[in-house]
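**Student:** Just passing along the structure, written as structure tokens.
The values are calculated or read from the model by the stated rules, or taken from the named source; none is laboratory data. These numbers were taken from a predicted model, which means no experiment stands behind them. Every residue, glycine among them, receives a Cβ derived from its backbone with ideal geometry; neighbour counts consider all protein chains shown.
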Amino acid sequence: MSTPTLTPTTTTTPDSAPRSRALSVRRGFLVAAPVLAGLFATVGAVADPSAGQSGDAMLRVYFDNPEALQFKSLGYHWAYAFWILPAMLVVPLVRAKGAWLATITGFVGFLGLSTMPGLLLTDWFDSAIGAAHGLEGHRAVTDAMEGMWGIPVFIMPGTIGLFLGLPLAMATLWRAGLARWWGLAAAVAAFASFMVSNATWPGTVAATAFMVVVSIALAKATADRGMDRTT
């Protein structure tokens with residue numbers, strides 16, 4: 001009667017698991033997102049033919065400069081997308097302490113991504129309506145839309161997502177003990193710089209500098225979380 005041969009088994013731990021190129025790319029995407037947001041915002045601000053203006057003066061410039069406006073709108077479209085994205089990508093990293101905050105953060109990120117980047121399409125409609133029908137025609141369209149209650153309901157979630165998404169992402173990692181307080185401070189400072197400057201290039205450059213700090217915080221927070229290792 002033969003004796004069965006036992007083959008020794010090995011247990012693979014997250015620390016000893018082989019690195020996955022796909023997961024490394026995923027982690028790199030998370031870390032790069034804030035910097036990309038700042039860079040695309042700067043592209044939008046530099047391309048904006050009416051930067052710092054508002055009201056009728058801004059609209060007239062947009063009516064007459066559709067080419068530059070398209071670069072501005074595309075820049076901000078991707079800036080907003082990358083700005084909000086970390087709020088969703090950090091959720092799987094938090095499983096114990098801060099799990100509820102992570103869930104809320106992911107939901108806020110979903111609200112922002114579902115709406116805010118797409119709102120830039122209105123720039124092109126504004127420009128086209130004004131080019132075809134002038135300022136009075138544009139006013140007639142906006143006046144007709146004022147009674148539509150669904151418009152502010154549509155816009156508000158995107159605004160909330162842009163305002164809170166990245167700070168909540170960093171607060172979630174801080175709460176979980178994965179990031180330091182300065183990552184959250186940099187996320188708040190980036191948005192403040194952007195808003196105080198009225199979305200002009202000095203503010204977007206300052207925001208980009210703060211976003212570099214956020215990316216460093218994300219890199220440190222994810223360095224030991226096994227994001228680039230298979231299990």
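**Student:** Can you say whether ALA96 is modelled with pLDDT of 95 or more and either loosely packed, with under 15 Cβ neighbours inside 10 Å or under 24 Å from the mean Cα position of the chain (by Cα) (or both), as far as the supplied structure shows? Walk me through how you get there before you give the answer.
**Tutor:** Details: modelled with pLDDT of 95 or more: no; either loosely packed, with under 15 Cβ neighbours inside 10 Å or under 24 Å from the mean Cα position of the chain (by Cα) (or both): yes.
No; evaluated as a whole, the condition is false for this residue.
**Student:** Examine the stretch 52-65 for a residue that is under 17 Å from MET195 (Cα atoms), touching a residue at least 12 places away in the same chain (Cβ under 8 Å) and within 21 Å of the chain's Cα centre (by Cα), and state whether such a residue exists.
**Tutor:** No, because not a single residue in the stretch 52-65 is under 17 Å from MET195 (Cα atoms), touching a residue at least 12 places away in the same chain (Cβ under 8 Å) and within 21 Å of the chain's Cα centre (by Cα).
**Student:** Right, something else. Which is in a helix (DSSP H, G or I), touching a residue at least 40 places away in the same chain (Cβ under 8 Å) and touching a His at 6+ places or on another chain (Cβ under 6 Å), of LEU120, LEU164, LEU168, LEU173?
**Tutor:** Values: LEU164 fails: touching a His at 6+ places or on another chain (Cβ under 6 Å); LEU168 fails: touching a His at 6+ places or on another chain (Cβ under 6 Å); LEU173 fails: touching a His at 6+ places or on another chain (Cβ under 6 Å).
From the options LEU120, LEU164, LEU168, LEU173, the qualifying one is LEU120.
**Student:** Considering only residues that are more than 30 Å from PRO86 (Cβ to Cβ) and hydroxyl-bearing (Ser, Thr, Tyr), which ones fall in the stretch 128-173?
**Tutor:** THR142
**Student:** What are the residues in the stretch 177-209 that are touching a residue at least 40 places away in the same chain (Cβ under 8 Å), in a helix (DSSP H, G or I) and among the β-branched types (Val, Ile, Thr), if any?
**Tutor:** Listed by number, the residues that qualify are THR204, VAL205, THR208.
**Student:** Looking at the stretch 88-105, is at least one residue in a helix (DSSP H, G or I), aromatic (Phe, Trp, Tyr) and in contact with an Asp or Glu (Cβ under 9 Å, 6 or more places away or on another chain)?
**Tutor:** no
**Student:** Further, regarding this structure: Just one of the numbered conditions (1) touching a residue at least 60 places away in the same chain (Cβ under 8 Å); (2) surrounded by fewer than 22 Cβ atoms within 10 Å (Cβ to Cβ); (3) farther than 23 Å from VAL196 by Cβ; (4) among the aliphatic types (A, V, I, L, M) is not true of MET88; which one?
**Tutor:** (1)
**Student:** I'm trying to understand the selection: among the residues of the stretch 171-190, which are among the charged types (D, E, K, R) and in contact with a helix residue (DSSP H, G or I) (Cβ under 6 Å, 6 or more places away or on another chain)?
**Tutor:** Within the stretch 171-190, ARG175 is the sole residue that qualifies.
**Student:** Test each condition in (1) surrounded by fewer than 19 Cβ atoms within 10 Å (Cβ to Cβ); (2) within 30 Å of ALA37 (Cα to Cα); (3) out of contact with any Leu (no Cβ under 9 Å at 6 or more places or on another chain) for TRP124 and report the one that comes out false.
**Tutor:** Of (1) surrounded by fewer than 19 Cβ atoms within 10 Å (Cβ to Cβ); (2) within 30 Å of ALA37 (Cα to Cα); (3) out of contact with any Leu (no Cβ under 9 Å at 6 or more places or on another chain), only one is false for TRP124: (3).
**Student:** List the number of the failed condition for ASP143; all other conditions in (1) out of contact with any Lys or Arg (no Cβ under 8 Å at 6 or more places or on another chain); (2) surrounded by 15 or more Cβ atoms within 10 Å (Cβ to Cβ); (3) at pLDDT below 95 hold.
**Tutor:** Exception for ASP143: condition (2).
**Student:** Here's a follow-up. Any idea which of GLY161, GLY109 is in contact with a Phe, Trp or Tyr (Cβ under 9 Å, 6 or more places away or on another chain), among the small types (Gly, Ala, Ser) and under 25 Å from THR200 (Cα atoms)? Walk me through it before giving the result.
**Tutor:** Values: GLY109 fails: in contact with a Phe, Trp or Tyr (Cβ under 9 Å, 6 or more places away or on another chain).
Of the residues listed, the single one that is in contact with a Phe, Trp or Tyr (Cβ under 9 Å, 6 or more places away or on another chain), among the small types (Gly, Ala, Ser) and under 25 Å from THR200 (Cα atoms) is GLY161.
**Student:** Only one of ALA41, ALA51, ALA79, ALA57 is within 18 Å of THR200 (Cβ to Cβ) and assigned to a loop (DSSP other than H, G, I, E, B). Can you tell me which?
**Tutor:** Just one listed residue meets the conditions, ALA51.
**Student:** Across the stretch 191-215, what is the number of residues that are within 16 Å of the chain's Cα centre (by Cα), small (Gly, Ala, Ser) and farther than 13 Å from TYR76 by Cβ?
**Tutor:** Selection size over the stretch 191-215: 4.
**Student:** Restricted to the stretch 52-85, and to residues that are of a type in the set (Phe, Trp, Tyr) and closer than 20 Å to GLY38 by Cβ, which residue is surrounded by the fewest Cβ atoms within 10 Å (Cβ to Cβ)? Walk me through it before giving the result.
**Tutor:** Within the stretch 52-85, the first condition is being of a type in the set (Phe, Trp, Tyr), and the residues that meet it are 62-63, 71, 76, 78, 80, 82-83.
Going one step further and asking which of them are closer than 20 Å to GLY38 by Cβ, we end up with 71, 76, 78, 80, 82-83.
Details: PHE71: 15, TYR76: 25, TRP78: 18, TYR80: 26, PHE82: 22, TRP83: 32.
Here the answer is PHE71.
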